[in-house]
Number of protein chains: 2
Amino acid sequence: MQEYRFSEFLTSNIEVDEKVLSQFLSQNQRKTFNKGDFLVFAGDLCESIFFVEKGLLRQYSIDEKGKEHVLQFAPEGWLVNDRESLYYNKPSKYNIEALENTEVFILDKKIIEKLEEELPEFATFNNELLNNHIRHLQNRINLLLSATAEERYLTFIKMYPDILLRVPQWMVASYLGIAPESLSRVRKELATRNFKK
Amino acid sequence: MQEYRFSEFLTSNIEVDEKVLSQFLSQNQRKTFNKGDFLVFAGDLCESIFFVEKGLLRQYSIDEKGKEHVLQFAPEGWLVNDRESLYYNKPSKYNIEALENTEVFILDKKIIEKLEEELPEFATFNNELLNNHIRHLQNRINLLLSATAEERYLTFIKMYPDILLRVPQWMVASYLGIAPESLSRVRKELATRNFKK
DNA sequence: AAGCCTTCTTAACATAGGTCAATGCACGAT
DNA sequence: ATCGTGCATTGACCTATGTTAAGAAGGCTT
C-alpha cells in the first residue's frame, strides 16, 4: 500500500514549477480518516473533491430495500466526489466510506478552476482525466449491459487485482451487480473448471 | 425536431464574442448523414467529437453473440465520441449510427484544446459538461446495479420522453439492458395495472 | 394492390441468478 | 481460552428475465 501525494500526482503528469504549485496547495487540505469512517453520508451536501493519497475508499448507494450498491472503489491516486452535489448543490445519493485508514487531499471546485486558469497544462490534463473517467464508466455500462456474472468477475480480476485483495468479497459482488452468494457460486465453478484442465 | 447549432450552443452557455468564435468554427466542419448511415464503425479509429445539430444518433456495441447494446442515444445538442480512440488511439468498440437524417458539427481534440487555451470560460464550461456527463453515467450505473426492468423503463420514460418516441422499442430495451420481449411484458403489466386503478 | 420487411406482442418453456437458511471459519475483544 | 461478529460457502427453492417461436399490424417498395 504505497502512498501517493497529490503534488506528486501533478508534477509527474504536467510540467510545473514546484514553487508555483506550492502556492496552490496548503498542508491543511490533507485529512485522515480511520477505517469505517464516513467522508460523506448520503443526504449530505458534498462540495469537495477527494484525492486518495493513501488507503481505500468506496462510494456506494443504498436502495429502498436497504441494499448497498458500490459505485466505485478508490485506492491511492484516485479522485472521488459527488457531481450531483458539486455542480447542482443537491444532496448526495452516495455514501463515501473509508475501507482502510485513509489519507485524502481535499480540493474544492475553486481550486480546480484556479489551477485551470493559471496553468493551461493543468486544464488539458484535467480534461484527459475526466475523459478517461468517462471512458471507464462507459466500459462498465457496456459490461453491465452485456456480460454474465462470471464475465463481470473475470473482468474485475483483470482490471483491479489489487482491489480484489483489499475488500471483502461481498463488496466486489455489490460492485458487479450480483448477489454475494452468486459470486461464491461463480468462484466455485471457476475453481472446478480450472482443476479439471 | 428542432435544430441546434454548435455556435448557438456556445454563445448561449458562455460569454464570447461572435467574431472571436467564428475564427474557430468554419463551415466545413458540418456534415450530413442519412438515416441508417454510420459515422463510425467498431474497429475504426475515431478521433472526432460529434455535436448533433439536428437528428439523432446512437452509439452501440455488438457482443460475441451478435447482440447489440446501446451505450447512448444522442439527439440535438448532445456530444458523442469515442474516448478510447480519442485519447488512446485505439480502435473503437462502438458503432455510431444515424437513426434519422442527421447534421453534426465535427470537432477534433485540437480545436477543443485551442478553445480552452484562448477562452478560459470555455474551459470551465467544458469541464462542467464532462462532469455532468460523468454524473449521468454514474446514475445509469447505479440504476443498472439496483433496478428491475420495470424501474429502468419508468426512469427512461421520465428522463427521455422525447427519445422514447423517436426510436423503436427494441432499442430502448437494448439501452435498458433487457430483452425486447421483456420490455413488451413490462409495458403490458404497466398498462393493466393502470387500467385497474 | 400485393408482397415483404420490420416491429411488437404473446405464450410456453428454460435458466441465470436471487433468496433464505444453515454451517463453518477466522479473527478481534474480553 | 472463549465468545461473538462478520464473512464465505452451500444447498434447496423461487422468480425475473431470457429464449424460441409464432402470429398480427404497419409501412415501404414494386
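The values are calculated or read from the model by the stated rules, or taken from the named source; none is laboratory data. This is a predicted model, so every value here is computed, not measured. Cβ coordinates were reconstructed from backbone atoms using ideal geometry, including for glycine residues, and neighbour counts include every protein chain displayed.
Before we move on, is B:LEU21 surrounded by 14 or more Cβ atoms within 10 Å (Cβ to Cβ), at pLDDT below 95, away from DNA strand C (no atom under 16 Å from the Cβ) and closer than 29 Å to B:LEU119 by Cα? Here the answer is yes, as B:LEU21 does meet what is asked.
Selection of the stretch A:139-197 for residues being without any contact (Cβ under 8 Å) to a residue 12 or more places away in the chain, away from chain B (no Cβ under 14 Å) and touching a Lys or Arg at 6+ places or on another chain (Cβ under 8 Å) yields an empty set.
Any residue that is within 16 Å of DNA strand C (Cβ to nearest atom) and either within 14 Å of chain B (Cβ to nearest Cβ) or within 26 Å of B:GLY66 (Cα to Cα) (or both) - is there at least one of those in the stretch A:92-102? No: the stretch A:92-102 contains no residue that is within 16 Å of DNA strand C (Cβ to nearest atom) and either within 14 Å of chain B (Cβ to nearest Cβ) or within 26 Å of B:GLY66 (Cα to Cα) (or both). Consider B:SER12 carefully, then state whether it is of a type in the set (Gly, Ala, Ser) and crowded, with 17+ Cβ neighbours inside 10 Å. No; evaluated as a whole, the condition is false for this residue. Looking only at the stretch B:52-72, decide whether some residue is at positive phi and away from chain A (no Cβ under 13 Å). So far as the stretch B:52-72 goes, yes, one or more of its residues are at positive phi and away from chain A (no Cβ under 13 Å).
Scanning the stretch B:18-60 for residues that are touching a helix residue (DSSP H, G or I) at 6+ places or on another chain (Cβ under 9 Å) and of a type in the set (Asp, Glu) turns up B:GLU18, B:ASP44, B:GLU47, B:GLU53. Within the stretch B:111-126, residues that are more than 7 Å from chain A (Cβ to nearest Cβ) and at negative phi have Cβ atoms under 6 Å from residues that are aliphatic (A, V, I, L, M) and surrounded by fewer than 18 Cβ atoms within 10 Å (Cβ to Cβ) in these pairs: B:GLU121/B:ILE14; B:PHE122/B:ILE14; B:PHE125/B:ILE14, counting only partners at least 6 apart in sequence or on another chain.
Residues considered: A:GLY77, A:GLY36. Of these, the only one that is more than 24 Å from A:PRO180 (Cβ to Cβ), in contact with a strand residue (DSSP E or B) (Cβ under 9 Å, 6 or more places away or on another chain) and small (Gly, Ala, Ser) is A:GLY77.
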